[in-house]
Amino acid sequence: QVQLVESGGRLVQAGDSLRLSCAASKATFDLYIMGWFRQAPGKEREFVATTNWSGTTYYGNSVKGRFTISRHNAENTIFLQMNRLKPEDTAVYYCAASRSGFDVRDMDYWGEGTLVTVSS
């Protein structure tokens with residue numbers, strides 16, 4: 001069992017910034033592609049950002065230029081820095097890990113999620 005624990009979600013105002021964290025096991029962090037996905041009520045889970053072990057990053061079109069995913073190896077943690085938040089960013093944000101790819105369908109393990117609410 002791979003453990004992924006998200007934190008940092010909260011209520012913020014439009015235009016605010018917020019940083020989410022995901023603590024992962026050493027094996028997961030070193031060997032897996034790590035990513036962030038989000039899901040609003042009644043919607044499909046949406047790709048936000050992923051990063052591999054070398055720091056290569058990919059972003060969903062809706063967050064490009066506003067969100068940044070990063071790895072902190074010493075802490076076995078990934079972060080999602082979210083800037084210029086919009087109400088449409090409101091969702092449960094999930095940390096995930098993949099052995100094979102960067103897409104939502106490639107994710108093998110998921111955290112429980114952390115709720116981000118952006119008020120207008």
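The values are calculated or read from the model by the stated rules, or taken from the named source; none is laboratory data. Since this is a predicted model, take the numbers as computed values, not measurements. Ideal geometry is used to build each Cβ from the backbone, glycine not excepted, and the neighbour counts take in all protein chains shown. Surface accessibility is based on the protein's heavy atoms, side chains included, excluding ligands, DNA and RNA. Shrake-Rupley method; radii C 1.70, N 1.55, O 1.52, S 1.80 Å.
Observations, loosely collected:
- Taken over segment 48-76, the criterion of being of a type in the set (A, V, I, L, M, F, W, C) and under 14 Å from Tyr93 (Cα atoms) is satisfied by Val48, Ala49, Val63, Phe67, Ile69.
- Among (1) over 10 Å from the mean Cα position of the chain (by Cα); (2) at pLDDT 95 or above; (3) open to solvent by 30 Å² or more (accessible area, probe 1.4 Å) - the single one Ser120 does not satisfy: (2)
- Test: Val48 is open to solvent by less than 10 Å² (accessible area, probe 1.4 Å), assigned to a strand (DSSP E or B), modelled with pLDDT of 95 or more and of a type outside the set (Lys, Arg): yes
- Residue-level check: of (1) surrounded by 15 or more Cβ atoms within 10 Å (Cβ to Cβ); (2) farther than 21 Å from Val5 by Cβ; (3) basic (Lys, Arg), Lys43 misses just (1).
- Qualifying residue in segment 87-105 (condition: touching a Ser or Thr at 6+ places or on another chain (Cβ under 8 Å), surrounded by 14 or more Cβ atoms within 10 Å (Cβ to Cβ) and among the small types (Gly, Ala, Ser)): yes
- The one condition in (1) within 11 Å of the chain's Cα centre (by Cα); (2) of a type outside the set (Phe, Trp, Tyr); (3) open to solvent by 50 Å² or more (accessible area, probe 1.4 Å) that Ile78 fails to fulfil: (3)
- Considering Lys26, Lys86, the condition of being out of contact with any strand residue (DSSP E or B) (no Cβ under 7 Å at 6 or more places or on another chain) and in contact (Cβ under 8 Å) with a residue 40 or more places away in the chain is satisfied by Lys26 alone.
- Inclusion of Lys26 among residues that are at negative phi, modelled with pLDDT of 95 or more and open to solvent by 60 Å² or more (accessible area, probe 1.4 Å) is not warranted.
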